[in-house]
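To keep things clear, I will list the structure first and then write my remarks on it.
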Amino acid sequence: MNNLSIVLCTLNEGKNIASAIDKLLIKDTVKEIIIIDDDSQDETIDILNGYKNPKIYFKVRKNTKNFSSAFIDGLYLAKGDYILRFDLDMFNYIDFFIDTFLNIDHRTDCLIFSRYVENGIDKRSNYRSIPSWILNKLCQLLLFKDIKDYTGCIIIIKKKVLKEIFPKKTNYANFIIDFIFDLKRKNKILIEVPFTQDKITEFNSKSGPNIIKFIINGSFYLISILRCFLIKNLKLK
């Protein structure tokens, strides 16, 4: 059943992109691979130009570099019944992602690959894992306590849900907090499955090595949490 769209956001992913695409192309259930690139300056675009497969569509954005808007651009193009998003440095998990999709309950509106449910693990260094854990505990405290991982961004979304609830363009990956919150308050069905985030993924972060960017991006997450908290408690739309 070819009904899964893959939406990938790339910026200088030359070391990962071919491995991910090659794994995805052999999956019968993958309908299309949509890649939104924010003008990579490494070999990413050259590698993409080398593929002549009709399942692959990629767009290079010259004047925009923003993760949330890249993902949203990909969502607009997706035609599959479900949409999978993951980080390119997680290509070794593609078999796991696809197998999980093949067993998805058709009633599920959003499936979250979660580091914080039972058997989920975050192997990143304390510098990355502790702030993430704190942010998610704050989300549980202020928003909906039954969701454990609000910030992982590794998700499968049912396409028709997007007609009612669509991600907001935000400054960074904090859009995922707003999106999961909106799904929950609209009583959509969210399922979390355990996922292990390997240490190597922290080295591919665009902000991780820079403490100033790390703090700024962290503030965006806090703004999203506060916005959702106010919406929930003030009954705003």
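Residues of the stretch 1-30 with backbone nitrogen within less than 18 Å of a virtual label 7 Å along the Cα-to-Cβ line of residue 81, please, listed as ranges. Only 1-7, 27-30 fall inside the zone, counting backbone N under 18 Å. So which of 79/169; 79/188; 145/184 end up more than 18 Å apart by C-alpha? Listed pairs above 18 Å: 79/169; 79/188. Residues considered: 183, 102, 111. Largest GNM mean-square fluctuation over the chain, using C-alpha springs under 10 Å, is found at 102. For residue 140 and residue 216, the difference between the fully extended length at 0.36 nm per residue and the C-alpha to C-alpha distance is 25.2 nm.
Counting 0.36 nm for each residue step from residue 166 to residue 232 and taking away their Cα separation leaves a gain of 22.0 nm. Relative contact order, whole percent, for the chain stands at 21, derived from Cα pairs under 8 Å and 6 or more residues apart.
First check a/c for the stretch 1-103, with a ≥ b ≥ c the square roots of the eigenvalues of its C-alpha gyration tensor; if it is under 1.5, answer rounded, and if not, answer prolate when a/b is larger than b/c or oblate otherwise. Here the stretch 1-103 falls in the prolate category. With neighbour counts taken as other beta-carbon atoms within 10 Å, the residues 128, 185 rank, fewest first, as 185, 128. Potential lengthening of the chain between residue 42 and residue 57 amounts to 3.5 nm, from the contour at 0.36 nm per residue minus the alpha-carbon distance.
Is there a quick way to get the dipole size of the chain? I mean about its Cα centre, with the Cβ of Lys and Arg at +1 and of Asp and Glu at -1; what is the value in debye to the nearest 20? Display every interim value, and only then the final one.
Details: 37 positive and 28 negative charges, 222 e Å.
The dipole of the chain has a size of about 1060 debye.
In terms of other Cβ atoms within 10 Å, 7, 60, 161 run from fewest to most in the order 60, 161, 7.
Past the 24 Å Cα-Cα mark, which pairs from 163/235; 123/168; 158/199? Distance filter (> 24 Å) returns 123/168; 158/199. Rounded to the nearest 10 degrees, the inclination of helix 126-142 to the longest alpha-carbon principal axis of the chain is 50 degrees. Spin-label pair residue 121-residue 99: with each label point 7 Å from Cα along the Cα-Cβ axis, the two points sit 1.6 nm from one another.
We did not get these values from a lab; they are worked out from the coordinates using the rules stated. The model shown is predicted, which means the values in this text are computed figures rather than measured ones. No Cβ is skipped: glycine too gets one built from the backbone with ideal geometry, and neighbour counts run over all protein chains shown.
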